[in-house]
Amino acid sequence: MKLQDNSFSNSPLQGGRPWVERNGFRHWAMAMLWIVAAFVLFQITATIVSIALFYFTGGFDSVTDPTELLMERLDLLFIGNSTGQILFLGLASYLMAGLHVSKSERASFLRFKKYKNTGVMVGLTALLFIVVQPTVWYIGYFNSLLPAPEFFSEMQQSQYEMIEGFLTSDGVLLMGLINIALVPAICEEIMFRGYVQSAFEKSWGVWPAILVSGLLFGLFHLQLTNLLPLATLGILLALVTWLSGSLIPAIIAHFINNGSAVLLGTYYPELAFAEMSPETAPPIWMLLLSVVLSILLINMLYKQFQKKNANGIF
């Protein structure tokens, strides 16, 4: 039996067209609006939750200096931050996908999929994000030479000092891995490689979506002095997601990248938080090896992509 048109009045789809198109929006424009909205809502939520935790744990009673309070209870800030990420970067981005596709297509749109070769893709991607680190370091060093507003440099330095103080405290490794590695790996991948990249692909195609979503991922972190390495990692994650057709490799790679930083900051803070300079740089031969191995691994990922498409691996 054919349903009347008004039966779809509250549905994302009407007449086979998604809500975004039916209301005159572009897929990419809706994704851009959501990036801004998600950032604001995430920050507001993180702040409210952190303040509430400070209040209920008696933090405001024992410390009068706000800076001292932040340094002493950075764990509460991390909890607030993770709450905002889960609610808006993760769950709300999942719901936003329903404006672009039907409910039955949402999992495919967000790449909540697993193929027969996903395990191979995960292994290759994990190796890629290990061997690419010297290249990322040099990109970061080049970025540090570029002029940036003093405000951003001071803010980033302050963040590094707070994180260093937290990671070098006793008994915080598990909390660091959860809040710095696990939660961002899942939530940021759902938003950027799941929702944003797919929305851009519907408007612009694959390669512009990979490049632009990677750049936006770097900008989202508000670290101008670290923008280029973040954008590079974002582009690699986007590429891997497209080649694999699944979010799983990107989530694992994101966790490895952030988790290794947590471990390094915990056990070798003098290396993790060392100022970038030619003296602290990896040797040139390591950079060259990193570039060569990264290209080889990307090529292997592409061959897996071709094999999946040719043989219909599902």
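The values are calculated or read from the model by the stated rules, or taken from the named source; none is laboratory data. What you see is a predicted model; the values in this text were computed from it and never measured. Don't worry about glycine lacking a Cβ; one is built from the backbone with ideal geometry, like all the others, and counts go over all protein chains shown.
Output yes when any residue across the range 141-151 is free of Cβ contacts under 8 Å to residues at least 40 places away in the same chain, in a helix (DSSP H, G or I) and under 30 Å from ASP75 (Cβ atoms), and no when none is.
The answer is yes, given that some residue of the range 141-151 is free of Cβ contacts under 8 Å to residues at least 40 places away in the same chain, in a helix (DSSP H, G or I) and under 30 Å from ASP75 (Cβ atoms).
Among the numbered criteria (1) part of a helix (DSSP H, G or I); (2) among the aliphatic types (A, V, I, L, M); (3) free of Cβ contacts under 8 Å to residues at least 60 places away in the same chain, which one does LEU301 miss?
Every listed condition holds for LEU301 apart from (3).
Counting only residues that are among the aromatic types (Phe, Trp, Tyr), give me the helices (runs of 4 or more DSSP H) lying completely in the range 182-253 with at least 3 of them.
206-220
Taking ARG111 and the conditions (1) surrounded by 15 or more Cβ atoms within 10 Å (Cβ to Cβ); (2) over 18 Å from the mean Cα position of the chain (by Cα); (3) outside any helix (DSSP H, G or I), which numbered condition does it fall short on, given that it satisfies the others?
(2)
Can you pull out every residue in the range 277-296 that is under 15 Å from THR232 (Cβ atoms) and crowded, with 16+ Cβ neighbours inside 10 Å?
SER290, SER294
Output yes when any residue across the range 261-274 is farther than 28 Å from ASN179 by Cα, in a helix (DSSP H, G or I) and among the acidic types (Asp, Glu), and no when none is.
no
Provide a single number: the residues in the range 145-178 that are of a type in the set (S, T, N, Q) and on the phi > 0 side of the Ramachandran plot. So that I can check it myself, show each step before the final result.
We begin by selecting, within the range 145-178, every residue of a type in the set (S, T, N, Q); these are 153, 156-159, 168-169.
Still in the running and on the phi > 0 side of the Ramachandran plot: none.
Here the count works out to 0.
Considering only residues of the range 130-177 that are out of contact with any Ser or Thr (no Cβ under 7 Å at 6 or more places or on another chain), modelled with pLDDT under 90 and of a type in the set (Gly, Ala, Ser), which is surrounded by the fewest Cβ atoms within 10 Å (Cβ to Cβ)?
The extreme case among them is GLY171.
Would the range 22-30 turn up any residue that is small (Gly, Ala, Ser), modelled with pLDDT of 75 or more and surrounded by fewer than 15 Cβ atoms within 10 Å (Cβ to Cβ)?
There is at least one residue in the range 22-30 that is small (Gly, Ala, Ser), modelled with pLDDT of 75 or more and surrounded by fewer than 15 Cβ atoms within 10 Å (Cβ to Cβ).
Regarding the range 176-198, can at least one residue be identified that is basic (Lys, Arg), in contact with a His (Cβ under 8 Å, 6 or more places away or on another chain) and over 26 Å from ARG73 (Cα atoms)?
No; the residues of the range 176-198 include none that is basic (Lys, Arg), in contact with a His (Cβ under 8 Å, 6 or more places away or on another chain) and over 26 Å from ARG73 (Cα atoms).
Out of GLU164, GLU105, I need the residue that is over 25 Å from VAL196 (Cβ atoms), assigned to a helix (DSSP H, G or I) and among the charged types (D, E, K, R). Which one? Steps first, please.
Working: GLU105 fails: over 25 Å from VAL196 (Cβ atoms).
Going through GLU164, GLU105 in turn, just one is over 25 Å from VAL196 (Cβ atoms), assigned to a helix (DSSP H, G or I) and among the charged types (D, E, K, R): GLU164.
Does any residue of the range 195-203 turn out to be acidic (Asp, Glu) and more than 24 Å from LEU243 (Cβ to Cβ)?
No, every residue in the range 195-203 fails to be acidic (Asp, Glu) and more than 24 Å from LEU243 (Cβ to Cβ).
Scan (1) more than 20 Å from GLY205 (Cβ to Cβ); (2) among the hydrophobic types (A, V, I, L, M, F, W, C); (3) in contact with a Lys or Arg (Cβ under 9 Å, 6 or more places away or on another chain) for the single condition LEU237 breaks and write down its number.
The single condition LEU237 does not satisfy is (1).
Just one of (1) of a type in the set (A, V, I, L, M, F, W, C); (2) in contact with a helix residue (DSSP H, G or I) (Cβ under 6 Å, 6 or more places away or on another chain); (3) crowded, with 16+ Cβ neighbours inside 10 Å; (4) within 14 Å of GLN133 (Cα to Cα) trips up LEU264, so point out which.
With respect to (1) of a type in the set (A, V, I, L, M, F, W, C); (2) in contact with a helix residue (DSSP H, G or I) (Cβ under 6 Å, 6 or more places away or on another chain); (3) crowded, with 16+ Cβ neighbours inside 10 Å; (4) within 14 Å of GLN133 (Cα to Cα), LEU264 is out only on (3).
Go through the residues of the range 238-246 one by one and say whether even a single one is within 20 Å of PHE42 (Cβ to Cβ), at pLDDT 95 or above, polar (S, T, N, Q) and buried (at least 20 other Cβ atoms within 10 Å of the Cβ). Give the derivation first.
First pass over the range 238-246, keeping only residues within 20 Å of PHE42 (Cβ to Cβ): none.
Scanning the range 238-246, I find no residue that is within 20 Å of PHE42 (Cβ to Cβ), at pLDDT 95 or above, polar (S, T, N, Q) and buried (at least 20 other Cβ atoms within 10 Å of the Cβ), so the answer is no.
For the range 40-75, enumerate the residues that are modelled with pLDDT under 80, within 22 Å of GLU164 (Cβ to Cβ) and among the small types (Gly, Ala, Ser).
Selection gives GLY59 alone.
Does the range 196-232 hold any residues that are closer than 22 Å to PHE151 by Cβ and without any contact (Cβ under 8 Å) to a residue 24 or more places away in the chain, and which are they?
LEU215, GLY218, LEU219, HIS221, LEU230, ALA231, listed by residue number.
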